[in-house]
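Inspection log for the structure reproduced underneath, given as structure tokens.
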Amino acid sequence: WSLNYYQQVNKIDAMQYPPNCEDDARPCQYCFGLLFECCVSNHVQGWPKFVMRQVQISAEGHVAITQYFSAHMTRSIELSAGTTIGSLRVATEYPFSQMIDIEINKVSQEFVLELRIPGWCGDARIELDGRMMPETVSRGTMHALKIPAGSHAISLLL
């Protein structure tokens, strides 16, 4: 069942309509159960792809965090502009919690961090080193945040 609970937030048909999944007599809002049993055995094949796409370099050369799950990257990130990031840690219980904590250490010079703000999120807030960021955070976007040199803590509340 963890397969269903973890992926339910991202499920395309997680809406109210009669999909004829488990009980044809009533609408089914979330199609729990194994509609396609092949997915249970194939689902684990997606994890490596899911994990390696958590942190990406955008077309503009920014660091982009596109998926939210706990991870700790100790390998340094080298950006094309010469910026080096020593380590990056994401701590969260998303989707069961809307709080995402990010620690970035040993940043050699200022860079732009992009954070994915889901379309369902109406009031996201970002803190940098305990200070609330004043800019508006729009739903369904990659929000750009300038990170100065040094080590920093970012908190994203979706």
Diagonalise the Cα gyration tensor of region 67-110 and give the resulting equivalent ellipsoid semi-axes, square root of 5 times each eigenvalue, largest first, whole Å. 24, 9, 8
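Please list Trp47, Trp120 in order of solvent-accessible area, largest first, computed with a 1.4 Å probe with all protein chains present.
Trp120, Trp47
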With all protein chains modelled, accessible area of Arg139 [1.4 Å, Å²]: 140
Pull out a ≥ b ≥ c, the square roots of the eigenvalues of the alpha-carbon gyration tensor of region 44-134, then state rounded if a/c is under 1.5, prolate if not and a/b is larger than b/c, and oblate in the remaining case. oblate
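The values are calculated or read from the model by the stated rules, or taken from the named source; none is laboratory data. Just so we're clear, the structure is a prediction, and the values are computed from it rather than from any experiment. Ligands, DNA and RNA are excluded from the accessible area calculation, which covers all protein heavy atoms including side chains. Shrake-Rupley method; radii C 1.70, N 1.55, O 1.52, S 1.80 Å.
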